[in-house]
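**Q** Here it is, the structure, as structure tokens.
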Amino acid sequence: MKKAVAEAGIHPEECSELAAVQSQEGIIGNVRGRVRMNLVASLVMVLLFTGFFATSYFLPNADAWPSKFDSCSSCHSQVDPDATITTAINGAVGTSVTVAPGGSFEVDWKVTKVTNAAGGQVGVGVEIALPTGWTLAKGTVNSPAISGWNAVWDAADGVPAGWATANSYSTATEYPSSPVGYTISYDTTAWDTGSRNAAYDNATAGKDLDGIADNMGADAIVTVPAGTAAGTYTIVVLGVGHDTSKSHVEQAITVTVSSGGGGDTTKPVVSAGFAATTPSLSKVIPVSGFAATDNTGVTGYIITTSSTAPLSGAAGWTASAPTSYTVAADGSYTLYPWAKDAAGNVSAVYASPVAVFVDSTKPVVSAGFAATTPSLSRTITVSGFAATDANSVTGYMITTSSTAPLAGDAGWLGTAPTNYTVASDGSFTLYPWAKDTYGNVSAVYGSPVAVVVDTVKPTVSSTVPVNGATGTTLNGAVTLNFSENVNCTTVTTSTVTISPAVTWTRTSCSGTQAVFTPSGQANSTSYTVTVGAAVADTAGNTLAASYPFSYTTSAPAPNNAPGVPASLVQYKSDGTTVLTKGLYTNLTTLVFKGTVTDPDSDTVQLDIELADVTAGFTGTPTCSSTLVASGSTAAATCNGITNGRFKWQARATDSKGANGSWTQY
């Protein structure tokens with residue numbers, strides 16, 4: 001191929017990887033025209049030489065690499081219509097930058113679809129053109145904000161050969177404002193293709209680091225020489241390769257060199273005393289003592305975690321010394337402070353960088369924390385207290401406040417407690433907390449435990465009858481009043497007893513009161529009621545000891561005799577036919593009626609005594625009625641009357657055996 005080019009009269013310097021640049025349209029147009037004419041002539045010569053179009057240079061093959069060296073067979077002057085190029089300056093997508101003389105900036109760029117891996121046209125190159133005297137170095141790992149950027153393109157990821165001055169085109173004619181051209185050399189890396197020193201870009205394992213066909217990226221640090229005149233300069237970045245033919249894509253970058261840089265090459269000096277909080281419980285690490293001096297004045301401050309000096313044009317510089325530095329994740333970091341001046345000079349690496357450990361992860365108290373409630377002791381039993389942490393849990397604490405305790409507060413324990421003590425009875429909410437090695441305290445527990453503490457035992461506050469009462473109502477109710485609400489399931493005829501034993505029933509129990517009713521009691525008898533120690537309040541506290549009290553029932557009331565029966569009448573046996581007084585009768589059964597009363601309202605019966613008219617009364621009843629209510633009419637039936645001529649008398653007798661006076665009919 002090289003020989004064919006030579007025979008066609010094409011000189012290597014006429015082959016160009018670059019197509020055009022801003023503000024150079026006239027010169028570039030002439031160059032493109034000349035290149036195209038030579039290319040056509042070359043292709044005609046080659047076609048004639050090979051015969052019947054055996055080889056077509058419109059269908060590039062694996063031999064047609066980008067023209068990085070003078071071995072190129074044709075120029076990549078065609079602008080690829082499908083290719084794209086995106087640039088970032090100091091990590092931010094853009095196409096312009098301002099820099100002081102002596103300063104530097106990083107350029108990252110990504111090209112796509114500049115080659116056709118699917119069609120077999122592999123290999124791609126990246127190039128940059130700079131003004132005379134401007135220098136180039138490998139880029140740093142900058143993670144630019146270019147969509148789809150792959151970290152393998154960062155120079156720090158293993159491209160050691162850096163940039164090489166290109167000799168395959170004349171930057172002086174093609175880019176008058178950028179007369180020095182460079183191409184990247186991937187020698188000795190997996191991207192190296194051999195003698196051509198170009199890169200595969202076809203997702204081939206071992207030859208294509210990003211593993212994605214038609215994607216290539218590069219980065220470089222451009223340094224503006226000290227003393228460079230203020231003004232606007234242009235640099236150009238390109239991607240060259242093979243699509244349907246040899247082609248390229250390019251992007252011009254405007255560089256504004258600021259005034260005032262002069263010949264200042266003195267670097268600022270970061271003062272001793274830079275410090276940072278460690279361990280830091282936040283990803284925003286507090287720093288202090290950041291100061292710097294410079295012969296003309298410090299214009300910027302920055303903190304990094306790399307010992308590689310940042311570019312003066314890099315993002316992140318601040319006009320005043322920062323008081324904090326933010327990291328993305330927990331872990332160990334070394335903080336390096338830097339300063340820059342107006343000329344773009346950046347301080348040397350700080351001699352005493354600060355090692356910081358960041359732990360912003362709080363311990364987590366595990367679910368399952370519980371406590372005994374109600375608690376009959378002010379030392380409350382707790383269970384299920386456990387916690388986890390990314391490092392280790394070093395302290396446990398329980399409080400009654402939802403405000404997190406400080407890591408340095410008194411009361412932290414090395415192991416999870418099994419109880420918590422309060423100073424008084426009452427209602428409490430228990431919050432479990434944990435802290436880790438570095439002083440992170442857990443968040444408020446989502447399910448704190450409400451506990452009622454009741455250590456007071458109930459007492460019997462009063463009784464009815466009172467202890468020692470006499471003359472109490474026979475079988476009267478016994479009322480027990482307690483000092484607090486009781487658990488009625490503990491107030492039964494088994495826990496509250498009466499002696500001597502009688503029928504004993506609990507008739508009610510609610511709140512602080514229980515009522516029992518006896519039956520079968522005797523008059524003038526002492527009874528003892530004992531409230532047993534098993535009686536408990538609603539919290540479960542029982543009486544400190546059993547509580548006995550006694551009372552005596554009343555003596556029997558005096559029994560008054562009934563009154564004299566009234567309205568006495570004698571009837572035949574049918575009980576309705578009146579038998580006239582003073583007559584003889586041959587009836588052997590008669591009914592005697594009269595109204596009976598009792599002053600004690602006892603029930604009363606009517607007693608009748610029959611006697612011959614010639615004999616006296618003996619006071620012994622011949623017959624008696626049944627008991628009737630006082631004030632009622634009673635009827636007594638007498639049978640076996642043998643003497644048709646008789647006399648009779650009546651009296652009332654109450655249910656208690658008291659006899660009234662006889663009265664004769």
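The values are calculated or read from the model by the stated rules, or taken from the named source; none is laboratory data. This is a predicted model, so every value here is computed, not measured. Note that each Cβ is placed from the backbone with ideal geometry, even for glycine, and that neighbours are counted across all protein chains shown.
**Q** With the condition kept exactly as written, say whether any residue in the range 553-569 is under 30 Å from S461 (Cα atoms), touching a residue at least 40 places away in the same chain (Cβ under 8 Å) and of a type outside the set (A, V, I, L, M, F, W, C). Please lay out each step first, then the result.
**A** From the range 553-569, those under 30 Å from S461 (Cα atoms) are 553-555; that's our starting set.
Now narrow it down to the ones that are touching a residue at least 40 places away in the same chain (Cβ under 8 Å): 553-555.
Within this subset, residues satisfying the condition of being of a type outside the set (A, V, I, L, M, F, W, C) are 553-554.
Looking through the range 553-569, at least one residue is under 30 Å from S461 (Cα atoms), touching a residue at least 40 places away in the same chain (Cβ under 8 Å) and of a type outside the set (A, V, I, L, M, F, W, C).
**Q** Here is a further query. Tell me which residues, restricted to the range 238-295, are surrounded by 15 or more Cβ atoms within 10 Å (Cβ to Cβ), more than 30 Å from T95 (Cα to Cα) and more than 48 Å from the chain's Cα centre (by Cα).
**A** Correct list: D294 only.
**Q** Only residues that are closer than 19 Å to S104 by Cα and either aliphatic (A, V, I, L, M) or free of Cβ contacts under 8 Å to residues at least 12 places away in the same chain (or both): list them for the range 290-323, please. Quick ask: steps written out before the conclusion?
**A** First, pick out the residues of the range 290-323 that are closer than 19 Å to S104 by Cα: 294, 296-304, 306-319.
Selection gives V298, I302, I303, A309, L311, A314, A315, A319.
**Q** Let me ask something else. Residues that are closer than 30 Å to N523 by Cα and touching a strand residue (DSSP E or B) at 6+ places or on another chain (Cβ under 7 Å): find the strands (runs of 3 or more DSSP E) completely inside the range 550-665 holding 2 or more of those.
**A** Values: elements: 566-571, 590-596, 604-612, 632-638, 646-654.
Once the strands (runs of 3 or more DSSP E) in the range 550-665 are filtered for at least 2 residues that are closer than 30 Å to N523 by Cα and touching a strand residue (DSSP E or B) at 6+ places or on another chain (Cβ under 7 Å), what remains is 604-612, 646-654.
**Q** Still on this structure: Residue by residue through the range 492-507, note down the ones that are within 9 Å of T528 (Cα to Cα) and either in contact with an Asp or Glu (Cβ under 8 Å, 6 or more places away or on another chain) or part of a loop (DSSP other than H, G, I, E, B) (or both). Full working, then the answer.
**A** First pass over the range 492-507, keeping only residues within 9 Å of T528 (Cα to Cα): 497-500.
Passing the criteria: only P500.
**Q** Looking at the range 605-660 only, could you name the residues that are farther than 26 Å from N560 by Cα and small (G, A, S)?
**A** A611, A615, G616, G640, G644
**Q** Give me the pairs, please: first residue somewhere in the range 494-510 and closer than 15 Å to S546 by Cα and touching a residue at least 12 places away in the same chain (Cβ under 8 Å), second residue anywhere and among the aromatic types (F, W, Y) and surrounded by 12 or more Cβ atoms within 10 Å (Cβ to Cβ), beta-carbon distance under 6 Å, and either six or more positions apart or on two chains.
**A** Sorted first by the residue in the range 494-510, then by its partner, the pairs are I498/W504; I498/Y527.
**Q** Could you go through the range 503-523 and let me know if any residue there is among the aliphatic types (A, V, I, L, M) and over 29 Å from T372 (Cα atoms).
**A** Of the range 503-523, the ones among the aliphatic types (A, V, I, L, M) are 514-515, 522.
Narrowing further to those that are over 29 Å from T372 (Cα atoms): 515, 522.
Taking every residue of the range 503-523 in turn, at least one turns out to be among the aliphatic types (A, V, I, L, M) and over 29 Å from T372 (Cα atoms).
**Q** Identify the residue in the range 115-131 that is at pLDDT below 85 and part of a loop (DSSP other than H, G, I, E, B) and, among all such residues, is surrounded by the most Cβ atoms within 10 Å (Cβ to Cβ).
**A** T115
**Q** Before we move on, is N467 outside the structural domain of P374 (by TED's automatic domain parsing) and either surrounded by 18 or more Cβ atoms within 10 Å (Cβ to Cβ) or modelled with pLDDT of 95 or more (or both)?
**A** On the way: outside the structural domain of P374 (by TED's automatic domain parsing): yes; either surrounded by 18 or more Cβ atoms within 10 Å (Cβ to Cβ) or modelled with pLDDT of 95 or more (or both): yes.
So N467 passes the test.
**Q** If you take the residues of the range 508-526 that are in contact with a Ser or Thr (Cβ under 9 Å, 6 or more places away or on another chain) and assigned to a loop (DSSP other than H, G, I, E, B), which of them is surrounded by the most Cβ atoms within 10 Å (Cβ to Cβ)?
**A** Q521
**Q** Within the range 355-383, work out how many residues are β-branched (V, I, T), within 30 Å of S280 (Cβ to Cβ) and surrounded by fewer than 21 Cβ atoms within 10 Å (Cβ to Cβ). Outline the logic, then answer.
**A** The first filter runs over the range 355-383 and keeps only residues β-branched (V, I, T), leaving 356, 358, 361, 364-365, 372-373, 379-382.
Still in the list and also within 30 Å of S280 (Cβ to Cβ): 356, 358, 361, 364-365.
Within this subset, residues satisfying the condition of being surrounded by fewer than 21 Cβ atoms within 10 Å (Cβ to Cβ) are 361, 364.
The total comes to 2.
**Q** Now for a separate question. Within the range 556-582, how many residues turn out to be surrounded by fewer than 12 Cβ atoms within 10 Å (Cβ to Cβ) and either touching a Gly at 6+ places or on another chain (Cβ under 9 Å) or closer than 30 Å to K656 by Cβ (or both)?
**A** Residues that pass the stated criteria total 4.
**Q** Regarding the range 142-157, can at least one residue be identified that is modelled with pLDDT under 85, closer than 18 Å to T304 by Cβ, part of a loop (DSSP other than H, G, I, E, B) and in contact with a helix residue (DSSP H, G or I) (Cβ under 6 Å, 6 or more places away or on another chain)?
**A** no
**Q** Suppose we filter T372, T318 for residues that are over 27 Å from the mean Cα position of the chain (by Cα) and at pLDDT 95 or above; which single one remains? Talk me through it step by step, then tell me what you get.
**A** Values: T372 fails: over 27 Å from the mean Cα position of the chain (by Cα).
None of the others qualify; the one that does is T318.
**Q** Select from the range 419-454 the residues that are touching a Ser or Thr at 6+ places or on another chain (Cβ under 7 Å) and among the polar types (S, T, N, Q) and write down the one among them that is modelled with the lowest pLDDT.
**A** T437
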